[in-house]
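Undergrad: The structure that follows is given in the form of structure tokens.
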Amino acid sequence: MAEAGVSAATVAAPAGCFQPTSAPKPKAAAAVTPTAPAGPMRVRTDGAALQLGELQQPTLTPEAMVAKVANHLTAERTETARRFVLRFPEVAQEVLFGCDPARAADPTVVFVATVQDSLRGDAAWRTWLQELPGSGRSYAAKRAQAVGQLKAGNPALAAATNLPVFAPHETDKTGP
């Protein structure tokens, strides 16, 4: 008996714990009405976002990079110009690859080449710019012409430049 009294005392709960009125009552579910379909889906394939058939345009073009670096150099902010070139190494390479012989001596292009050379640890880009008026001149000029035609929206004229004929070969060593 004493055992039953001890276990009943340990199992006993306070009087107000299990009252049926304190349990939360389930709420009625909110009525969900399906929306009618809006009709067939439309996808626009025209507009300003689709220039040259690209869905995503680059945030910085080679021309914009040259202009920005030139502004920094003119304002004597050399370190800012250097960091700007380092931030966009792919665009800097596009600037150098697309450089024609007329722009090879431009101080802004030479500065971009110097910064790129500091990344590589050699002077390959500066050497390439100095040799550009030599054997790689016709290719650089034709490539600039083809890129200009593509940007103008004339792919047929760009293809007519026939770049593979003017492309430098392994023995030419015209690129770094």
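Undergrad: If I model a spin label at T74 and N154 as a point 7 Å from the Cα along the Cα→Cβ vector, what separation in nanometres do I get?
TA: 2.9
Undergrad: Something else now. Which FRET efficiency value, to the nearest 0.05, is calculated for A124 and A102 with the Förster distance at 25 angstrom and r the Cβ-Cβ distance? Intermediate values should be presented prior to the final figure.
TA: Details: r = 21 Å, r/R0 = 0.84.
Given R0 = 25 Å and the Cβ-Cβ separation, E is 0.75.
Undergrad: Please list, in chain and number order, the residues 5+ apart from A123 or on another chain whose amide H is under 5 Å from its amide H, with Hs placed from the backbone.
TA: none
Undergrad: Expressed in whole Å with the largest first, what are the equivalent ellipsoid semi-axes of the stretch 55-166 derived from the C-alpha gyration tensor as the square root of 5 times each eigenvalue?
TA: Largest first, the stretch 55-166 gives 25, 18, 12 Å.
Every number in this text was worked out from the coordinates using simple rules, so none of it is lab data. All values reported here derive from a predicted model rather than from experimental measurement. When we count neighbours, we look across all protein chains shown, and the Cβ atoms used for this are built from the backbone with ideal geometry, even at glycine.
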